[in-house]
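Here is the structure we will look at.
Taken together, the values in this text are just the output of simple stated rules run on the coordinates, not laboratory data. As the structure is a prediction and not an experimental result, all values here were calculated from the model. We place every Cβ from the backbone using ideal geometry, glycine too, and count neighbours over all the protein chains shown.
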There are 2 protein chains.
Amino acid sequence: MIRILMTSMLLISTLVVSSAVSASNEPIQPIKAVTPKDPALVELGKMLFFDPRLSKSGWISCNSCHNLSMGGTDNIPTSIGHAWQEGPINAPTVLNSSMNLAQFWDGRAKDLKEQAGGPIANPGEMASTHELAVSVLNSIPQYRAKFEKAFGSDKVDIDRVTTAIAAFEETLVTPGSRFDKWLEGDKNALNKQELDGYKLFKSSGCTGCHNGPAVGGALYQKLGVHHPYETDSKIEGRKAVTGKDTDLNVFKVPTLRNIELTYPYFHDGAVWTLEEAVKIMGKLQLDRDFNKKEIDSIVAFLKTLTGEQPDIKLPILPPSNNDTPRPQPF
Amino acid sequence: MIRILMTSMLLISTLVVSSAVSASNEPIQPIKAVTPKDPALVELGKMLFFDPRLSKSGWISCNSCHNLSMGGTDNIPTSIGHAWQEGPINAPTVLNSSMNLAQFWDGRAKDLKEQAGGPIANPGEMASTHELAVSVLNSIPQYRAKFEKAFGSDKVDIDRVTTAIAAFEETLVTPGSRFDKWLEGDKNALNKQELDGYKLFKSSGCTGCHNGPAVGGALYQKLGVHHPYETDSKIEGRKAVTGKDTDLNVFKVPTLRNIELTYPYFHDGAVWTLEEAVKIMGKLQLDRDFNKKEIDSIVAFLKTLTGEQPDIKLPILPPSNNDTPRPQPF
């Protein structure tokens, strides 16, 4: 009797969900717009995101490598750091990054707040220190007023700095893609090739890793399940975090949202075209040789994942003054 | 009879002007807001201004050194170029630059259009070539559509690229400063110290060079009229353009609009504080030793020249594609 009742309830609940959300059976869910909970905190975070004074040189900001004009990336294979150092890895997009299970390719930061502190103090990136960055901000009364507004007191510390940057980054989502319109019921939002591509994307197993609203970002996976990935990169992936040999070449699965904007591809940024990236992924991860027509259809589908880009008003940064530590560009 | 009539007319016209514009007798005039004549051209120019693909590396845009979050400058002594080359000179602000009699410190470009082509192809700055930059833009259909909209055909060439950038830059004016409010009749817009500073600025002769709406930019002057400017810089000023020994150390007088935002000062960017800059200018140009009170009052006046900063919506740049020449960051 109890079992019958539960089965009935399950059926009813399934029916209700099905009628309310047409996309409920799809492995990908629409991106939802975000309404900032704390506008003062987000505004401060935006200023910090664009402020090159968080770097030693005074010339590199978060936006330098996570350029919001360019899909939240720098569109070069690996990033340029202080004094033009060649970075070891491709800058992941900041767009929709709040949906990642962890941050960085190897997941070594548990969230956006922890991530934000990394590049500031990395000698190969912004090359400052948390102490210096805080000291710069603390010297500027207009910044202290913004901290006051956001946190209730004008204390500046690295915890507050990274909290604010993370709060801004959480707003950087890209709803409204053509694929999301299709998911939400507009069956004309995709053409036949794009829909064929999506069906193949599912049937061939891509959605095993690239799923959820971000079409990735939700799990770790080895790059090279069936065949090894050929690269000159020395990056070890999750092994650098866990120390386990089995985590060699294991990476956080990247989001495919806005993938048309976030070239070049893979952690080494060695692949410039979506066609080549799809071909490589098919072979390495699925042991499948996609033909040209299949590749083209998957690429056509992937391009439907480009959403509305964040609407950003460029922040006006308060000037340094006679008490502000000076940048050291050279 | 004719002479009497003309004199009368002159008197009448002087009276009319005086009553209409209270600031007509001041050596500085208010900045006027600019309404873009051609919004499509300005929008294209904004995209190009923010597009790092005009550089060889794909990482340096006009905005990298003329940062619109920071008074249209980079706030470092001399600019960072491709591969972190140390530039020879301080980046002049792009704000109100349309009012300059010519562009660059030495006036070697006759206008903003001619200026815009310089850094793109300068090996020490963006290190691209006009051909490569045009080729990048021409490969991107979304850009060609913007050229079509702005120019009536989708041809991309360097003349159009620089025309568009200049059109955008012409919109980068900063009206609404407290000093302009005072000029326009709001006698409470300045406090006593600021007004004392302005009076001293005039009576001591600063307005001999720093005049007009941009408070500079309208003529060339030798840096070191009475005493030489001490510097490690090898920059020769106008001599590099004219070849004349008498033009050694002659520079375009920089605008003082937004001077609080455009530190560090002078062509070598060696001076970080307005107090020191005023002291040096007094001694070198006017052979006058301003005392601390005088310096403080002039600095207080100078800070009233900060206007409303341009309201910029960050452009979303169209992605490169398989046909786009790739950046060469390393």
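Between copies, how far apart are the B:K110 label points? List them in nm, one decimal, shortest first, with each point 7 Å from Cα toward Cβ, please?
When each copy's label point is compared with this one, the spacings are 6.5 nm.
Starting with the highest mean, order B:274-280, B:24-30, B:50-56 by the number of other Cβ atoms within 10 Å, averaged over the residues of each peptide.
Working: B:274-280: 20.4, B:24-30: 15.6, B:50-56: 25.0.
My ranking of the peptides, most packed first, is B:50-56, B:274-280, B:24-30.
Using the Karplus equation 6.51 cos²θ - 1.76 cosθ + 1.60 (θ = phi - 60°), what ³J(HN,Hα) coupling, rounded to whole Hz, does each residue of segment A:90-99 give in order, writing x for Gly and Pro?
6, 5, x, 5, 7, 5, 6, 6, 5, 8
If a paramagnetic tag sat 7 Å from the Cα of A:D311 along the Cα-Cβ line, which residues of segment B:284-319 would have the backbone N under 18 Å from that point?
Those under the cut-off are B:311-317.
Using 1/(1 + (r/R0)^6) with R0 = 35 angstrom and r between the beta carbons of B:E275 and B:A145, what's the FRET efficiency to the nearest 0.05? Display every interim value, and only then the final one.
On the way: r = 51 Å, r/R0 = 1.45.
The value I calculate is 0.10.
Mind checking the full-extension length gain between B:N25 and B:T129? Use 0.36 nm per residue of separation minus the Cα-Cα distance, one decimal, nm. The partial results should precede the final answer.
Working: separation 104, 0.36 × 104 = 37.44 nm, distance 4.74 nm.
Working it through step by step, the gained length comes to 32.7 nm.
Here are some pairs, A:K32/A:K202; B:K46/B:K252; B:K199/B:K283; B:K46/B:K199; B:K192/B:K283; A:K46/B:K252; which of them have Cα atoms lying more than 30 Å apart in this structure?
Working: A:K32/A:K202 22 Å; B:K46/B:K252 26 Å; B:K199/B:K283 18 Å; B:K46/B:K199 39 Å; B:K192/B:K283 25 Å; A:K46/B:K252 36 Å.
With Cα atoms farther than 30 Å apart: B:K46/B:K199; A:K46/B:K252.
Which of rounded, prolate or oblate describes segment A:178-305 when judged by the alpha-carbon gyration tensor and an a/c cut-off of 1.5?
Working: a/c = 2.10, a/b = 1.74, b/c = 1.21.
Taking the square roots of the gyration eigenvalues as a ≥ b ≥ c, segment A:178-305 is prolate.
Put a point 7 Å out from Cα along the line to Cβ at A:E275; what are the distances to that point in the other copies, in nm, shortest first?
When each copy's label point is compared with this one, the spacings are 6.5 nm.
Could you tell me the relative contact order of chain A? Use alpha-carbon pairs under 8 Å, at least six residues apart, and round to a whole percent.
Working: 600 pairs, mean separation 80.2, N = 330.
Dividing the mean separation by the residue count of chain A yields 24 percent.
Write down the radius of gyration of chain A and its Dmax, each obtained from C-alpha positions, in Å.
21.9, 79
Search the structure for amide H atoms under 5 Å from the amide H of B:G216, placed 1.01 Å from N in the peptide plane, and list their residues when 5 or more places away or on another chain.
Residues meeting the amide H criterion: B:N211, B:L256.
May I have the pair-distance distribution P(r) for the protein assembly as shown, computed from all Cα-Cα distances with 10 Å bins from 0 and rounded to whole percent?
Per 10 Å bin, starting at zero, the Cα-Cα P(r) for the protein assembly as shown comes out as 3, 14, 22, 23, 17, 10, 6, 3, 1, 0, 0, 0 percent.
Can you list the DSSP H helices in chain B whose Cα atoms extend at least 24 Å along the helix axis and whose mean Kyte-Doolittle hydropathy is 0.0 or higher?
TM-like helix candidates: B:2-20.
Going by average Cβ neighbours within 10 Å, how do the peptides B:114-123, B:231-240, B:58-67 rank, with the highest at the top? Could you put the intermediate results ahead of the total?
Working: B:114-123: 19.1, B:231-240: 15.6, B:58-67: 23.9.
Descending mean neighbour count gives B:58-67, B:114-123, B:231-240.
Quick one: of the DSSP bridges fully inside the protein assembly as shown, what percent are antiparallel, nearest 5? If you can, show how the numbers build up before the last one.
Values: 17 of 19 bridges.
Antiparallel: roughly 90 percent of the beta bridges in the protein assembly as shown.
Just which residue of chain A brings its Cβ nearest the axis of rotation onto chain B, and by how many angstrom, rounded whole?
A:W84, 2
Along the charge dipole of chain A, Cβ charges K/R +1 and D/E -1, which of A:L54, A:G208, A:H66 sits furthest on the positive end?
Positive-most Cα among the choices belongs to A:G208.
Given 37 °C and 0.692 mPa s, compute D for segment A:65-139 with the Stokes-Einstein relation, Rh being the Kirkwood radius over Cα pairs; round to the nearest whole µm²/s. Don't jump to the answer; show the numbers that get you there.
Values: Rh = 13.2 Å.
The diffusion coefficient I find is 249 µm²/s.
Treat the count of other C-beta atoms within 10 Å as a stand-in for reagent exposure and order B:H82, B:H130 from fewest to most.
Values: B:H82 20, B:H130 16.
Placing the least packed residue first, the sequence is B:H130, B:H82.
Per residue of the protein assembly as shown, what 222 nm ellipticity follows from adding -39500 (n - 2.57) for every DSSP H run with n ≥ 4, rounded to the nearest 500?
On the way: 24 runs with 246 residues, N = 660.
-11000 deg cm²/dmol, from helical runs alone.
Using the alpha-carbon centroid of each, what span in Å lies between segment B:237-261 and segment B:283-330?
What the calculation gives is 17 Å, centre to centre.
With r as the distance between the Cβ atoms of B:K293 and B:D154 and R0 = 56 Å, compute the FRET efficiency 1/(1 + (r/R0)^6) and round to 0.05.
Numbers: r = 61 Å, r/R0 = 1.09.
For R0 = 56 Å, the calculated efficiency reads 0.35.
In nm, what is the difference between 0.36 nm times the number of residues separating B:A40 and B:N322 and their Cα-Cα distance? Please report the intermediate quantities before stating the final value.
Numbers: separation 282, 0.36 × 282 = 101.52 nm, distance 2.68 nm.
Once the chain is fully extended between B:A40 and B:N322, it gains 98.8 nm.
If you average the sequence gap of Cα pairs under 8 Å that are 6 or more apart and divide by the length of segment A:108-162, what percent do you get for the contact order? Walk me through the numbers before you get to the answer.
Values: 46 pairs, mean separation 15.0, N = 55.
Averaging sequence separation for qualifying contacts and normalising by length gives 27 percent for segment A:108-162.
Please work out how much length the chain gains when fully extended from A:A33 to A:K244, using 0.36 nm per residue of separation minus the C-alpha to C-alpha distance, in nm with one decimal.
Values: separation 211, 0.36 × 211 = 75.96 nm, distance 3.82 nm.
This chain segment gains 72.1 nm when fully extended.
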